[in-house]
Amino acid sequence: MMPRRSDIEIVWYASIQQEPNGWKIVTTQRFVQELSKVNWNWTMKQANEWNEWYVTTFRDLSTQEGENRTF
């Protein structure tokens, strides 16, 4: 099956996890894993670039360097 652009935003929302403190977060790793389920094979760098461009309601909460970021 060919990947569809409309799946990307749907996958973003499916990647959101609720933390015990009530915060909602998305990790780059989880986003990339969910994307692969709908035939989007992105690198973590590509996923982060998409997050930075299209997602305005989450901010970078990462506590370590690297591509596996937490939003």
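Numbers for the structure displayed
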| quantity | calculated |
| --- | --- |
| Within segment 53-71, tally of residues that are farther than 17 Å from residue 16 by Cβ and either under 11 Å from the mean Cα position of the chain (by Cα) or modelled with pLDDT under 90 (or both) | 3 |
| Subset of segment 13-30 that is surrounded by 10 or more Cβ atoms within 10 Å (Cβ to Cβ) and of a type in the set (S, T, N, Q) - its residue that is nearest to residue 49 (Cα to Cα) | 28 |
| Residues of segment 1-12 that turn out to be among the hydrophobic types (A, V, I, L, M, F, W, C) and surrounded by 15 or more Cβ atoms within 10 Å (Cβ to Cβ), as a count | 3 |
| Number of positions in segment 1-53 that are more than 16 Å from residue 68 (Cα to Cα) and assigned to a loop (DSSP other than H, G, I, E, B) | 13 |
| Index of the failed condition, residue 18 passing every other in (1) at pLDDT 95 or above; (2) in contact with a helix residue (DSSP H, G or I) (Cβ under 7 Å, 6 or more places away or on another chain) | (2) |
| Breaking point among (1) modelled with pLDDT under 95; (2) buried (at least 16 other Cβ atoms within 10 Å of the Cβ), for residue 47 | (1) |
| Test: residue 36 is surrounded by 14 or more Cβ atoms within 10 Å (Cβ to Cβ) and free of Cβ contacts under 8 Å to residues at least 24 places away in the same chain | no |
| Qualifying residue in segment 54-64 (condition: hydroxyl-bearing (Ser, Thr, Tyr), in a loop (DSSP other than H, G, I, E, B) and touching a strand residue (DSSP E or B) at 6+ places or on another chain (Cβ under 7 Å)) | yes |
| Scope segment 50-71; condition surrounded by fewer than 10 Cβ atoms within 10 Å (Cβ to Cβ) and of a type in the set (Lys, Arg); matching residues | 59 |
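The values are calculated or read from the model by the stated rules, or taken from the named source; none is laboratory data. Fair warning: this is a prediction, and the values are worked out from it, not measured in the lab. Cβ coordinates were reconstructed from backbone atoms using ideal geometry, including for glycine residues, and neighbour counts include every protein chain displayed.
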